[in-house]
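Nothing in this text is a laboratory measurement; each read-out follows from the coordinates by a stated rule. This one's a predicted model, so the numbers in the text were calculated from it and none came from an experiment. Every residue, glycine as well, gets a Cβ built from its backbone with ideal geometry; the counts of neighbours run over all protein chains shown.
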Amino acid sequence: MDVGVRSRGARIRSTAFGYANMIPFLAFALFPFYYMVITSLKKDAELYNLKAVPFLIQTGVITDHYRYLFFKTEFLTWIKNSLIISVVATSVSLVIAILAGYSLARLRYRGVGAFGTAVFITYLVPPTLLFLPLSQVVVWLGISDTIWALVVTYPTFLVPFSTWLLMGYFRTIPREVEECALVDGASRMQTLVRIVLPMAIPGIVCVTLFGFTLTWNEFTYALTFVSQTANKTAVVGVTADLIRGDIYYWGSLMAGAVVASLPIVVIYVWFLDYYVSGLTAGAVKG
Amino acid sequence: MAVSQRALEATGLPRLGRLARVREWWEQEHVFGYSLIVPALALILGLVAYPFGMAIYFSLSDYWVGSPGQFIGLQNFRDILGNEIFRQTVYNSFVFSLIAVVLKTVLGVWLAMLLFRNFKFKRLIRGAVLLPWVIPTALSVLAWGWMFDSLYSVVNWTGIHLGLISPPGPNWLGMTSYAMTAVIAVNVWRGLPFFAIIVLAGLVSIPREYYEAAEVDGANSWGRFRHVTLPLLKPVLAVVVLFSTIFTFSDFNIVQVLTRGGPVNTTHLFATLAYQIGLTGGNLGQGAAVSLFLFPMLAAIVFLQLRYIRRD
């Protein structure tokens, strides 16, 4: 426990100090979300009234902004696009990363170190370095301006990240387990699928969660490679297409931001510990 | 082949079919290893290395959207280096990255130390603190855009009512002297959780005996922080700072959604300027040249990571 020399009073004071210190951080972290929700439920007349208190809803809660979002815009199409892109890109990347991660973490062959370094360097390449040439690559592949442009390009950041994370998990599995399976006559592929993968499930869950989150949240490629309204992702649709002309309709914009964030919030609340451990493993085990 | 076949027969083993021989070949460690890495390698070569080569080629040609141009040597680089907006962007990028990374480091260590204490609702508080990092950045930045609205800014409203700002308050995103502050604030907001959570992991791994020893030696809490916590956090901090520097330096989302580089280019970063020149303007050659300025920073950080950090 605590070092013991400190008195009860000092401990209470220190705890109170801790809580008091925490409040500004919590307010800073959470206020934008509170403001997002509250804006989406306010009447326009109240939103654009300089006399109103912006922290509260004083003239009644309305759902007009949400109704507008769902019935007058292509919001549901954007959500569908985001879902397809995230699920396909994450699954494909997961399979590629499991194979690569296992190979790099467990098998000995010439060049394995260099491949590992290549994956690590790719992991550090920011998407903004490559978005211009990639925008031409998707044109040549004939998938420009479709959701497939994103399905194809998202693995470029998902695979290095997932491989890196999975390597860490694979290394924690004792080698003897695999050797036993091989001695018993299992093929290498069977060993990987039936013995190693079940033991790496926490890592696989983690990679899947991060993969889904990263693809759902992606903005640079989604803005750059797709311009047709019907093919946009939720994040880009809300950010770019709910602004009519040059006017920001904040009520519906914030309603869009709330709903498009919701899938991530739900997953996040459910799997919080995986996010924390994945975040730590991904960066620190580097 | 024939010899090995005969040798097999000589040993009295049943003849292997073609499939079985392929299988046996695949069971070799190096063959299996290579074949598993091939998909990832193909992806990296085709969609990372090759586009990177293209970026270099673009930057050396007058390539416009829809019309592959000719090789023009270093003309694009000469053009952008002589361009006032580009020089402003270089300055912006360094100011933005330096201030944002320093703030995130200091506040991140502070927040991590707070989170390290034994709180009630520990999990809940950690979850709340990490939230800005998880929510789609473009969407939360949109909310910040509304908070910094020119007329109905809640930041100004609060400041005015607390007597900190004289009405009507600054137009955060429309005035050259304030826009960078706003952009940095949002970047810190979004990146702070990342720092805090990783530094927290570093704090957890420091053995408690070190603190007890320091306390016995008469160190006060600042002394313990200065002589125990900080030196032991150094490796973790180095990783986070390097990592964050790359992604702060190459940031796109925050500036693109909040200011699009304005007012008068005072918040343009390399990525947003490259987007504006290369895609909005259609001059892919020059846009690629601008985005390639991200490369030296990336290379330096990769070098540091490989040289000093991965060795441990």
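Since only A:VAL138, A:SER261, A:THR73 are under comparison, the one whose Cα sits farthest along the positive direction of the charge dipole of segment A:67-284, derived from C-beta charges on Lys, Arg, Asp and Glu, is A:VAL138.
Near the amide H of B:SER61, within less than 5 Å, lie the amide hydrogens of B:ILE72, all on another chain or at least 5 residues away, with H placed in the peptide plane.
Excluding same-chain neighbours fewer than eight residues apart, the lysines reachable from A:LYS43 by a Cα-Cα span under 20 Å are A:LYS51, A:LYS72. Between B:GLU215, B:GLU24, B:GLU84, the GNM of chain B built on Cα springs shorter than 10 angstrom shows B:GLU24 fluctuating the most. Relative to one another, the C-alpha centroids of segment B:141-202 and segment B:241-284 are positioned 18 Å apart.
Rg and Dmax of segment A:22-112, both derived from C-alpha coordinates alone, stand at 23.3, 71 Å. Each of B:PRO167, A:PHE271, A:THR215 was scored by the projection of its Cα onto the charge dipole of the protein assembly as shown, and the greatest displacement toward the positive side belongs to A:PHE271; charges sit on the C-beta of Lys, Arg, Asp and Glu. Note on A:SER187, B:SER205, B:SER93: ascending count of other Cβ atoms within 10 Å places them as B:SER205, A:SER187, B:SER93, the fewest first.
Taking Cα atoms only, the orientation of helix A:250-270 departs from the longest principal axis of chain A by about 30 degrees.
Per residue of the protein assembly as shown, the DSSP helices (runs of n ≥ 4 H) give a summed -39500 (n - 2.57) that works out to -21500 deg cm²/dmol at 222 nm. Its Kirkwood hydrodynamic radius, worked out from the mean inverse distance over all distinct Cα pairs, puts chain A at 22.3 Å. A DSSP coil position with no more than 13 other Cβ atoms inside 10 Å describes the following chymotrypsin sites (Phe, Trp or Tyr not before Pro) in segment B:94-123: B:PHE121. Across chain B, C-alpha contacts under 8 Å between residues 6 or more apart give a mean separation that, scaled by the residue count, equals a relative contact order of 26 percent.
Along its three principal directions, the equivalent ellipsoid of segment A:185-237 from the Cα gyration tensor extends over semi-axes of 37, 12, 7 Å, largest first.
Only Lys, Arg, Asp and Glu carry charge here, each on its Cβ (+1 for the first two, -1 for the last two); on that basis segment A:1-139 has a dipole of about 540 debye about its Cα centre.
Just to confirm the number: angle between the C-alpha axis of helix A:201-217 and the first principal axis of chain A, 0 to 90 degrees, nearest 10? The angle comes out at about 40 degrees. Once each part is reduced to its C-alpha centroid, what is the distance from segment B:31-105 to segment A:217-257 in angstrom? One Cα centre to the other: 25 Å. Its Cα centre serving as origin, segment A:8-62 has a Cβ charge dipole (Lys and Arg +1, Asp and Glu -1) of approximately 380 debye. The angle separating the long axis of helix A:155-171 from the principal Cα axis of greatest extent in chain A is about 50 degrees. Charge dipole of chain A (Cα centre as origin; +1 on each Lys and Arg Cβ, -1 on each Asp and Glu Cβ, all else neutral): 640 debye, rounded to the nearest 20. Taking only the Cα atoms of segment A:8-62, the radius of gyration and Dmax are 17.2, 53 Å. Give me the base-10 log of I(q)/I(0) for chain B at each q in 0.13, 0.15 Å⁻¹, Debye formula, one uniform scatterer per Cα, rounded to two decimals. For chain B, the Cα-only Debye profile gives -1.08, -1.26. The residue among B:ALA289, B:TYR152, B:ASN220 whose Cα reaches farthest toward the positive pole of the charge dipole of chain B, with charges on the beta-carbon of Lys, Arg, Asp and Glu, is B:ASN220.
Of the trypsin sites (Lys or Arg not before Pro) found in segment A:78-131, those in coil by DSSP whose Cβ has at most 10 other Cβ atoms within 10 Å are A:ARG108, A:ARG110. Counted by neighbouring Cβ atoms within 10 Å, the residues A:THR39, B:THR158 run from fewest to most as B:THR158, A:THR39.
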